[in-house]
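S.K.: Structure below; questions to follow.
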Amino acid sequence: MTYTSERFDLTGGLDYIKYELDNSSTARGAFLQPGGRDPQWAGLGFPMHSTSSTTLWGAFLVGTLKLDDGRLNLSGGLRYEHARAKDLSVGDEHYDRVPYFTSRGITDRSQLPTSRSFDHVSPTFGISYLPADWLKLRANYTQGWRAPSGRQLFASSFYEDYGAPGDPRLKPEFTDAFEVGFDIARERWRLSATYFYYEVKDNIYIYPGVREDGSGAQGRVMMNVDRRIQEGIELQASTNLRDIPGLGGLELRPYINAIHMTRKKEVIDEGGPGLQGKWWPITRMPDTAVGYGFGFGHAAAKLSGNLNFNYYGKQYGGRANVGDGPLVGFGKFTVANLSVRKRLWESGPSNSVDLKMDINNLFDKTYSYLGRVPEDAYAYPGRNIHATLIYNF
């Protein structure tokens, strides 16, 4: 519910989510085999059964105080969250097979909880000021919190298609997020810039190949990253070029959206020699990501479209080679896409026929967001063309 007045706005709400996960496999090597190891299911395989449940309750109240005729705005709020996760398939874990657990003396389910509950209150506050109608200055702090899910806590193994066994000892994630920036809005152009700093404590992550004693990889495990820092700058700019001499009525709308990470690193307290107590770059996160291009249109020719370029900077893949030497990065590629729409026929105020042409990966770039091609990953699709005939009525 929201209350709005000339001096302040106030919004409050409740949310509730509950879900169960079902699976037909087990962690004991009888993965979808006809009949499995139980004669009562002969010829049928394992039936679907519930593996875990997660319940989330939330309540929030946020408000904005408007001062100086709305030029100065102070905002703040609180959010309460309660989370509960329960193991609905106790006994199907295989902790005795994972050195990450056995080396710490955990060999059976009785040593670990079968349900977890979490509670937290998170604040947020911010300020924005308009020294001119076209300029806004802003700053904000938000505290983030997320409890581990039932799957992250109690998944039996990768046989549940999650990639790693759950760890019932996981801690909730806790984030301090700071942002400061400005927005400029003029008649023909816009510019926004934001500096952000996020520090995440106990970030939950799947780590493959974490080494226990340096002698060999032990497989994937769910872990809490002790600290994760994400710092960078986000930039957005656009303009509208129309009625320009020499363009013959063509309208151009150039734009650019860019994020550059000045820091992206994390450190953990558990794991093998390659990870413990050392700062490592965050994987699956590019140093720089830029989307740029321009939209275009010609009213007389009933033609419109967009040409965009997406640059993906250097990033790092999984942790399988941690302890074996420096991480091998990939990325630094640009993919272009072109979309054009032309009105072919129209009748009256609504009936019309349009031809739309899309060319994805315009320059047939070989690339992948998952790893090096072909060493670590398959290439994403090459150039592909789609033509669509659209009837509007």
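S.K.: If you plug each phi of the stretch 298-305 into the Karplus form 6.51 cos²θ - 1.76 cosθ + 1.60 with θ = phi - 60°, what whole-Hz ³J(HN,Hα) values come out, in order, with x for Gly and Pro?
M.R.: Along the stretch 298-305, the couplings run 9, 4, 5, 8, 6, 10, 8, x Hz.
S.K.: Shifting gears a bit: In whole Å and largest first, what semi-axes does the C-alpha gyration tensor of the stretch 80-202 yield when each eigenvalue is scaled by 5 and square-rooted?
M.R.: So the equivalent ellipsoid measures 46, 15, 12 Å along its semi-axes.
S.K.: Per 0.36 nm of contour for each residue apart, how much would the distance between GLU234 and HIS82 grow if the chain were fully extended, relative to their Cα-Cα spacing?
M.R.: 51.5 nm
S.K.: Shifting gears a bit: Can you put ILE127, ILE385, ILE106 in order of accessible area, largest first, using a 1.4 Å probe?
M.R.: Reading off the accessible areas and sorting them downward yields ILE385, ILE127, ILE106.
S.K.: Output wanted: per-residue J couplings in Hz (rounded whole) for the stretch 336-347, from phi through Karplus 6.51 cos²θ - 1.76 cosθ + 1.60, θ = phi - 60°, x for Gly and Pro.
M.R.: 10, 9, 10, 10, 10, 10, 10, 6, 9, 7, 8, 9
S.K.: Can you tell me the FRET efficiency between LYS171 and ARG71 if r is taken as the Cβ-Cβ distance and R0 is 45 Å, rounded to the nearest 0.05?
M.R.: 0.60
The values are calculated or read from the model by the stated rules, or taken from the named source; none is laboratory data. Keep in mind that this is a model prediction, so the values were computed, not measured. Cβ: placed from backbone, ideal geometry, glycine included. Neighbour counts: every protein chain shown. Surface areas here come from the heavy atoms of the whole protein model, side chains and all, with no ligands, DNA or RNA. Shrake-Rupley method; radii C 1.70, N 1.55, O 1.52, S 1.80 Å.
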